[in-house]
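Here the structure comes first, spelled out in structure tokens, and everything after it is commentary.
The values are calculated or read from the model by the stated rules, or taken from the named source; none is laboratory data. All of these numbers come straight from a predicted model, not from anything done at the bench. Because the Cβ atoms are built from the backbone with ideal geometry, glycine has one as well, and the counts that use them run over all protein chains shown. Accessible surface areas use protein heavy atoms only, side chains included; no ligands, DNA or RNA. Shrake-Rupley method; radii C 1.70, N 1.55, O 1.52, S 1.80 Å.
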Amino acid sequence: LSGMGMPLEWEHVLAIAGDASSITRPHIAHAMVEAGHVGNIKEAFDRYISNQGPAYVNRLRLTMSEAVSLLHGAGGLALMAHPAESKQSHLLPSLVEAGLDGIEVYYPKHTPLQQAELLEIAAHYQLAVSGGSDFHSPGDPSHGMLGSVAVPPDVLGKLKSRMMAR
């Protein structure tokens, strides 16, 4: 934007974002409006920062192998979150090839049938299993509450063993 004659002060963008966990395009658009570069947020997007806009910067994207390597390099395990709900289980063979360690089986929206199928998949690929409520914040009805999902007690021990073996 600066190269296009629309400089912004980074500190001001941070102030606009407040307690947000990341800076997003709406924060930038708001700063553009306040700096007088555009008349409103819609104009900022339409003319400059939409996916096709001249000031759009594509975010960093990792391949599956890069993501798994990054997790392993940090000492963690690579687990696929709620594969039945996300409808991404077709990626499992590629993820396993990339070094996937496990899949989330116990999840609020997975039915007992889906859990059974995922346990079979985990056994087939020799993957660890995990589970959780998918809790994001209090009052968020789209996710489970803490403790709302029954995860067998041995799951944590098996995850720890897998991590120690890594």
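Among residues of segment 122-136 that are in contact (Cβ under 8 Å) with a residue 12 or more places away in the chain, those with a beta-carbon under 6 Å from a residue that is among the polar types (S, T, N, Q) and open to solvent by 20 Å² or more (accessible area, probe 1.4 Å) at least six positions away or on a different chain give the pairs SER133/SER148. Assess whether SER21 counts as being open to solvent by 70 Å² or more (accessible area, probe 1.4 Å) and either among the β-branched types (Val, Ile, Thr) or modelled with pLDDT under 95 (or both). Spelling it out, SER21 is indeed open to solvent by 70 Å² or more (accessible area, probe 1.4 Å) and either among the β-branched types (Val, Ile, Thr) or modelled with pLDDT under 95 (or both). Checked against the criterion of being modelled with pLDDT of 95 or more and within 21 Å of LEU127 (Cα to Cα), the candidates ASP101, ASP46 yield just one match: ASP101. Exactly one residue among ALA67, ALA55 is over 22 Å from VAL129 (Cα atoms), open to solvent by less than 70 Å² (accessible area, probe 1.4 Å) and not polar (S, T, N, Q), and that residue is ALA55.
Residues that are of a type outside the set (S, T, N, Q), in a loop (DSSP other than H, G, I, E, B) and at pLDDT 90 or above within segment 116-156 comprise just one, LEU127.
Taking residues in segment 14-32 that are touching a residue at least 12 places away in the same chain (Cβ under 8 Å), and partners anywhere that are aromatic (Phe, Trp, Tyr), the pairs with Cβ atoms closer than 8 Å and at least 6 places apart or on different chains are ARG25/PHE45; ALA29/PHE45; MET32/TYR48. Within segment 76-103, being crowded, with 18+ Cβ neighbours inside 10 Å and either on the phi > 0 side of the Ramachandran plot or in contact (Cβ under 8 Å) with a residue 40 or more places away in the chain (or both) holds for LEU77, LEU79, HIS82, ASP101, GLY102.
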